[in-house]
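Reading through the structure tokens given below for one structure.
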Amino acid sequence: MNFDIIRCGRAVLHVTDLDRSRAFYEALGFIETESDEENLFLRGLEEHNHHSLWLKKRSEPVTEVISYKVRTDADLDELESFYKKQGQDVKWMEVGSQKALGRSLRVMDVASMPVEYYAEMETVERLLQRYDLYKGAKVQRIDHFNCMVSNVEQAHNYYIDELGFACSEYTAGEEEKIWAAWLHRKPSVHDVAFMNGPGPRLHHVGFWLKDPMSLIDGCDVLASMGYGPNIERGPGRHGLSNAFFLYLRDPDGHRIELYNGDYLTSDPDFKPIRWDLNDPMRQTFWGHEAPDSWFEEASEVLDVHSGKKQSLEEPLLKKRKPNFVI
Ligand SMILES: [Fe+2]
């Protein structure tokens with residue numbers, strides 16, 4: 001392949017009430033880079049790019065696109081050729097059509113997720129050492145997307161063989177078929193995970209925190225502000241990825257993960273770690289069960305070409321969740 005995808009870069013989510021969203025995300029410790037009547041651009045303290053989360057005011061909550069940063073502008077042309085050779089339509093978003101972003105290329109990926117590639121985003125002040133601005137969970141940077149899709153094995157193979165991702169960990173389900181996969185370009189556990197379920201849907205966007213205590217601080221601040229019901233799952237430790245995690249539902253139901261504790265995956269001889277779907281330590285190392293909502297609910301996504309919601313396909317593997325009971 002003649003292109004170089006660097007990392008997951010940003011998510012564009014539609015929300016119904018920007019003020020309500022602003023209050024929630026500011027409580028978590030996001031930094032507001034810029035906003036107007038219809039848009040709110042947020043970033044983490046460590047981030048030097050304009051935003052990693054763009055919330056757009058619209059009539060219903062949905063995922064518009066998930067975006068990956070590529071190394072150079074020329075990589076976008078290479079990606080266009082690559083997708084066209086595969087017989088797929090692409091959509092160029094020209095310079096000026098999106099705040100703070102150079103031109104970008106949007107496609108529907110192999111799992112029918114709306115995906116975007118860009119090389120350039122405006123840089124802004126990096127606030128890592130502005131400790132005076134730290135609050136809530138002190139969100140540092142975007143880490144990954146998690147997508148619920150109908151055919152995980154197909155997405156796993158395509159992202160590795162065609163797009164150059166590597167697998168850090170995976171879950172095997174029925175007949176050794178891949179039920180979930182964690183894939184990376186940057187040297188962490190993942191930039192994107194795919195999970196078996198009715199899809200395509202965005203399950204969550206993961207943001208990295210500096211330490212587990214920041215996650216606990218986030219819980220305390222959210223609860224004290226009346227956001228206790230928005231805490232869906234955790235805090236806990238995933239067996240898979242070793243992540244110390246917390247799952248939150250934002251005011252529109254979009255799921256955000258606060259995340260810390262994964263590890264280096266840059267070595268070429270690193271071998272993917274296999275987990276059995278029914279291993280209770282896989283999903284929660286300490287053994288407690290996830291709520292059903294975590295397996296069943298996710299954000300619907302838009303088609304990048306039609307702008308309409310993608311219809312859902314039933315998953316290839318029947319099992320929607322692990323079958324152990326604790
Ligand atoms: Fe995650």
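The values are calculated or read from the model by the stated rules, or taken from the named source; none is laboratory data. Computed from a prediction, not measured in an experiment: that's the story for all the values here. Methodologically, a virtual Cβ is constructed for each residue, glycine included, from the backbone with ideal geometry; neighbour enumeration extends over all protein chains shown. Quick note on the areas: whole protein, heavy atoms, side chains included, nothing else; ligands and nucleic acids left out. Shrake-Rupley method; radii C 1.70, N 1.55, O 1.52, S 1.80 Å.
Only one of the numbered conditions (1) under 24 Å from Q129 (Cα atoms); (2) open to solvent by 10 Å² or more (accessible area, probe 1.4 Å); (3) without any contact (Cβ under 8 Å) to a residue 60 or more places away in the chain is violated by L40, and that is (2). Listed by position, the strands (runs of 3 or more DSSP E) inside region 53-153 whose residues that are touching a residue at least 24 places away in the same chain (Cβ under 8 Å) number at least 3 are 53-57, 62-70, 104-108, 114-118, 141-149.
In the condition set (1) over 19 Å from R237 (Cα atoms); (2) assigned to a loop (DSSP other than H, G, I, E, B); (3) modelled with pLDDT of 90 or more, L264 is compliant with all but (1).
Among the residues of region 218-240, those that are assigned to a helix (DSSP H, G or I) and open to solvent by 40 Å² or more (accessible area, probe 1.4 Å) comprise D220, V221, A223, S224, P229.
Here I160 fulfils each of the conditions (1) surrounded by fewer than 19 Cβ atoms within 10 Å (Cβ to Cβ); (2) within 21 Å of E116 (Cα to Cα); (3) among the hydrophobic types (A, V, I, L, M, F, W, C); (4) in contact (Cβ under 8 Å) with a residue 60 or more places away in the chain apart from (4).
One residue stands out in region 169-186 among those that are touching a residue at least 40 places away in the same chain (Cβ under 8 Å) and more than 16 Å from the chain's Cα centre (by Cα): the one that is farthest from N260 (Cα to Cα), namely E174. With respect to the conditions (1) closer than 25 Å to S311 by Cα; (2) modelled with pLDDT of 95 or more, Q86 falls short on a single one, namely (2).
Annotation: S214 fulfils all but one of (1) more than 21 Å from R43 (Cβ to Cβ); (2) more than 11 Å from the ligand (Cβ to nearest atom); (3) open to solvent by less than 50 Å² (accessible area, probe 1.4 Å); (4) outside any strand (DSSP E or B); the unmet one is (1).
If only residues of region 198-211 that are aliphatic (A, V, I, L, M) and in a strand (DSSP E or B) are counted, the one that is nearest to the ligand (Cβ to nearest atom) is V205. Under the condition of being over 13 Å from Y117 (Cβ atoms) and out of contact with any helix residue (DSSP H, G or I) (no Cβ under 7 Å at 6 or more places or on another chain), the residues counted in region 46-87 number 21. The residues in region 256-273 that are within 11 Å of the ligand (Cβ to nearest atom) and either acidic (D, E) or open to solvent by 10 Å² or more (accessible area, probe 1.4 Å) (or both) can be counted, and the count is 2. Pull up region 241-254, narrow it to residues that are open to solvent by 10 Å² or more (accessible area, probe 1.4 Å) and assigned to a strand (DSSP E or B), then point me to the one that is farthest from the ligand (Cβ to nearest atom). The extreme case among them is R249.
Cβ separations smaller than 6 Å between residues 6+ apart or across chains give the following pairs from region 7-31 residues that are outside any strand (DSSP E or B) to residues that are basic (K, R) and at pLDDT 95 or above: L18/K57; G29/K135; G29/K138.
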